[in-house]
Amino acid sequence: MAIRQLRLRDDEILKKRCKEVKKFDDKLAILLDDMFETMEKAEGVGLAAPQVGIIKRAVVIEIEDEKIEMINPEILETSGTQNGNEGCLSFPGLFGEVERPNYVKAKAQDRTGKTFIIEGEGLLARAICHECDHLDGHVFTEKVTKYLEN
């Protein structure tokens, strides 16, 4: 495993829509492992492939020691709302209040290509939405209603 270079703020790669993952091979497994290691070193909750320079629809999330890999995720359903502080590894030191759904149901694939459904509330719902936004070329600063002092 390796720590990958994080893409920051104005990097054009963060504005690109990612391509569907079609090959579920060792190269994808290495990417996912590297993404987890990079996210953990940076003390993040989630990381999307474009944040390490890869234009593929791949996301990793870790909440309460539960590691989640989502390949080609698609949000199927949302409900409720939550307002909360949000940051991003691509925007170090910047935090803002963002409204997100309180509940999310999504479909994704694991590293072997097997499809699964994931449901989450609270922080997990926030993380899924935040990381899926990255895959469509959107960053949290587009949704900030109020920036917070750090």
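The values are calculated or read from the model by the stated rules, or taken from the named source; none is laboratory data. Everything numeric here is computed off the predicted structure, so don't read it as measured data. All Cβ positions, glycine included, derive from the backbone under ideal geometry; neighbour counts span all protein chains shown.
I'd like the full set of residues that are more than 12 Å from THR112 (Cα to Cα) and either in contact (Cβ under 8 Å) with a residue 40 or more places away in the chain or exposed (fewer than 15 other Cβ atoms within 10 Å of the Cβ) (or both), limited to the stretch 14-31.
LEU14, LYS15, LYS16, ARG17, CYS18, LYS19, GLU20, ILE30
More than 22 Å from ASP65 (Cβ to Cβ), surrounded by 14 or more Cβ atoms within 10 Å (Cβ to Cβ), at pLDDT 95 or above and of a type outside the set (Gly, Ala, Ser), is that true of ARG126?
Here the answer is no, as ARG126 does not meet what is asked.
Which one of these does GLU77 not meet: (1) in a strand (DSSP E or B); (2) touching a helix residue (DSSP H, G or I) at 6+ places or on another chain (Cβ under 6 Å); (3) more than 18 Å from VAL45 (Cα to Cα)?
GLU77 satisfies every listed condition except (2).
MET1: farther than 13 Å from ILE128 by Cα, surrounded by 20 or more Cβ atoms within 10 Å (Cβ to Cβ), among the aliphatic types (A, V, I, L, M) and free of Cβ contacts under 8 Å to residues at least 60 places away in the same chain, yes or no?
no
Go through the stretch 62-78 residue by residue and tally those that are β-branched (Val, Ile, Thr) and closer than 21 Å to LYS23 by Cα.
The total comes to 2.
Please work out which residue is surrounded by the fewest Cβ atoms within 10 Å (Cβ to Cβ), limiting yourself to the stretch 80-103 and to residues that are part of a strand (DSSP E or B) and small (Gly, Ala, Ser).
GLY84
Looking only at the stretch 104-138, how many residues end up being in contact with a Pro (Cβ under 8 Å, 6 or more places away or on another chain), within 17 Å of THR81 (Cα to Cα) and part of a strand (DSSP E or B)?
Counting residues in the stretch 104-138 that are in contact with a Pro (Cβ under 8 Å, 6 or more places away or on another chain), within 17 Å of THR81 (Cα to Cα) and part of a strand (DSSP E or B) gives 1.
Tell me yes or no: at least one residue of the stretch 96-103 is polar (S, T, N, Q) and touching a residue at least 24 places away in the same chain (Cβ under 8 Å).
no
Here's a check for you: in the stretch 104-150, which residue that is of a type in the set (Lys, Arg) and under 16 Å from the mean Cα position of the chain (by Cα) is farthest from LEU14 (Cα to Cα)?
First pass over the stretch 104-150, keeping only residues of a type in the set (Lys, Arg): 105, 107, 111, 114, 126, 143, 146.
With under 16 Å from the mean Cα position of the chain (by Cα) added as a condition, the list becomes 105, 107, 111, 126, 143.
Details: LYS105: 24, LYS107: 23, ARG111: 23, ARG126: 19, LYS143: 15 Å.
Checking each candidate, the answer is LYS105.
Select, from PHE140, PHE116, the only residue that is touching a residue at least 24 places away in the same chain (Cβ under 8 Å), in contact with a strand residue (DSSP E or B) (Cβ under 9 Å, 6 or more places away or on another chain) and among the hydrophobic types (A, V, I, L, M, F, W, C).
PHE140
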